[in-house]
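> One structure follows; several queries about it will come next.
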């Protein structure tokens, strides 16, 4: 309770800096205000020459800890990356510091959207479909394994001491605000080795098997368990119903 008034003002200042200032200024200032970021691994770099030669953009497949994932991934990459979302409020889209593209949950339409975007830029997707604060990963959607020829798994870990930056239900646009209310919010972004999806598909691996492979690699790095239930089942599990956890 003593920290609450300070946290409220500090959160507004941190968010205002991140939204209003260019990245070159926002990153060091927010770091001075206590927002910490650790980056491990080396992400692939896509140059303008690569795009001119019609090379596809990089698809980053990330775990989903909070709505701030895309912001910290962009900070780690030091360049803009477009985020793919399913159900994000208009307010969240308005205040987002990164570019967003809404998916339709129609498999054919979403495949066409992702394919067109990969021809122009890097994108990142969270195959769990929703944020999850528990120490396990929800079942990955295999859609990303059908389209990209090369993906980079990214393990995201968020550390909060007072306020959760992930709402189990309710107003999702408050996630980022709760996260920066913490005294020293911390994010770790770890780039794992790229996975040659095209070669795996040509060798006979199904897209579901590839998605499970990526999920297991990320879970092993984070020390989490994998589950065989999805976004809808997650809320049943949180509500007290039986969850089938592997």
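> Specify the residue that is modelled with the lowest pLDDT; the eligible residues are those in region 138-162 that are farther than 20 Å from residue 105 by Cα and buried (at least 18 other Cβ atoms within 10 Å of the Cβ).
Taking region 138-162 and keeping what is farther than 20 Å from residue 105 by Cα, we get 149-162.
Okay, now just the ones that are also buried (at least 18 other Cβ atoms within 10 Å of the Cβ), so 151-156, 158, 160.
Working: 151: 88, 152: 91, 153: 92, 154: 93, 155: 91, 156: 91, 158: 87, 160: 84.
If we take residues in region 138-162 being farther than 20 Å from residue 105 by Cα and buried (at least 18 other Cβ atoms within 10 Å of the Cβ), then 160 is modelled with the lowest pLDDT.
> Right, next: Which one is nearest to residue 67 (Cα to Cα), of the residues in region 101-132 that are assigned to a helix (DSSP H, G or I) and either free of Cβ contacts under 8 Å to residues at least 12 places away in the same chain or in contact with a strand residue (DSSP E or B) (Cβ under 6 Å, 6 or more places away or on another chain) (or both)?
In this case the residue turns out to be 117.
> In region 192-206, what residues are modelled with pLDDT of 85 or more and out of contact with any strand residue (DSSP E or B) (no Cβ under 6 Å at 6 or more places or on another chain)?
193, 196, 199, 200, 201, 202, 203, 204, 205, 206
> Here is a further query. If you check residue 114 against the conditions, is it touching a helix residue (DSSP H, G or I) at 6+ places or on another chain (Cβ under 6 Å) and modelled with pLDDT of 85 or more? Show your work before the answer.
Values: touching a helix residue (DSSP H, G or I) at 6+ places or on another chain (Cβ under 6 Å): yes; modelled with pLDDT of 85 or more: no.
For residue 114, the condition - touching a helix residue (DSSP H, G or I) at 6+ places or on another chain (Cβ under 6 Å) and modelled with pLDDT of 85 or more - is not met.
> Go through region 211-233 and give me each residue that's closer than 19 Å to residue 144 by Cβ, assigned to a helix (DSSP H, G or I) and either in contact with a helix residue (DSSP H, G or I) (Cβ under 7 Å, 6 or more places away or on another chain) or modelled with pLDDT under 85 (or both).
211, 231
> If I ask for residues that are part of a helix (DSSP H, G or I) and farther than 16 Å from residue 127 by Cβ, which ones from region 171-199 would you list?
172, 173, 174, 175, 176, 177, 178, 179, 180, 198, 199 - these are the residues of region 171-199 that are part of a helix (DSSP H, G or I) and farther than 16 Å from residue 127 by Cβ.
> Within region 81-92, identify whether any single residue is surrounded by 15 or more Cβ atoms within 10 Å (Cβ to Cβ), in a loop (DSSP other than H, G, I, E, B) and either at pLDDT 80 or above or on the phi > 0 side of the Ramachandran plot (or both), and answer yes or no.
yes
> Could you run through region 24-43 and say how many residues are touching a residue at least 24 places away in the same chain (Cβ under 8 Å) and exposed (fewer than 14 other Cβ atoms within 10 Å of the Cβ)?
4
> Being part of a helix (DSSP H, G or I), farther than 13 Å from residue 181 by Cβ, without any contact (Cβ under 8 Å) to a residue 24 or more places away in the chain and over 22 Å from the mean Cα position of the chain (by Cα) is the requirement here; does residue 2 meet it?
Criteria not met by residue 2.
> While we're looking at this one, here's another question. Identify the single condition in (1) surrounded by 14 or more Cβ atoms within 10 Å (Cβ to Cβ); (2) at pLDDT 75 or above; (3) in contact with a helix residue (DSSP H, G or I) (Cβ under 7 Å, 6 or more places away or on another chain); (4) at negative phi that residue 129 does not satisfy, given that it satisfies every other one.
Only one criterion is unmet by residue 129, namely (4).
> Looking at this structure, is residue 16 farther than 27 Å from residue 134 by Cα, loosely packed, with under 12 Cβ neighbours inside 10 Å and at pLDDT 85 or above?
Yes; evaluated as a whole, the condition is true for this residue.
> When the residues of region 189-210 are narrowed to those that are in contact (Cβ under 8 Å) with a residue 12 or more places away in the chain and out of contact with any helix residue (DSSP H, G or I) (no Cβ under 9 Å at 6 or more places or on another chain), which ends up farthest from residue 68 (Cα to Cα)?
Top of the filtered list is 198.
> For region 133-160, which positions are touching a residue at least 60 places away in the same chain (Cβ under 8 Å) and in a loop (DSSP other than H, G, I, E, B)?
133, 135, 138, 139, 140, 141, 142, 148, 149, 150
> Filtering region 164-191 down to residues that are modelled with pLDDT of 85 or more and surrounded by fewer than 19 Cβ atoms within 10 Å (Cβ to Cβ), which residue is farthest from residue 63 (Cα to Cα)?
The selected residue is 183.
The values are calculated or read from the model by the stated rules, or taken from the named source; none is laboratory data. On a predicted model such as this, the values are computed, not experimentally measured, just so you know. Quick reminder, even Gly has a Cβ in these numbers, built from the backbone with ideal geometry, and neighbours come from all protein chains shown.
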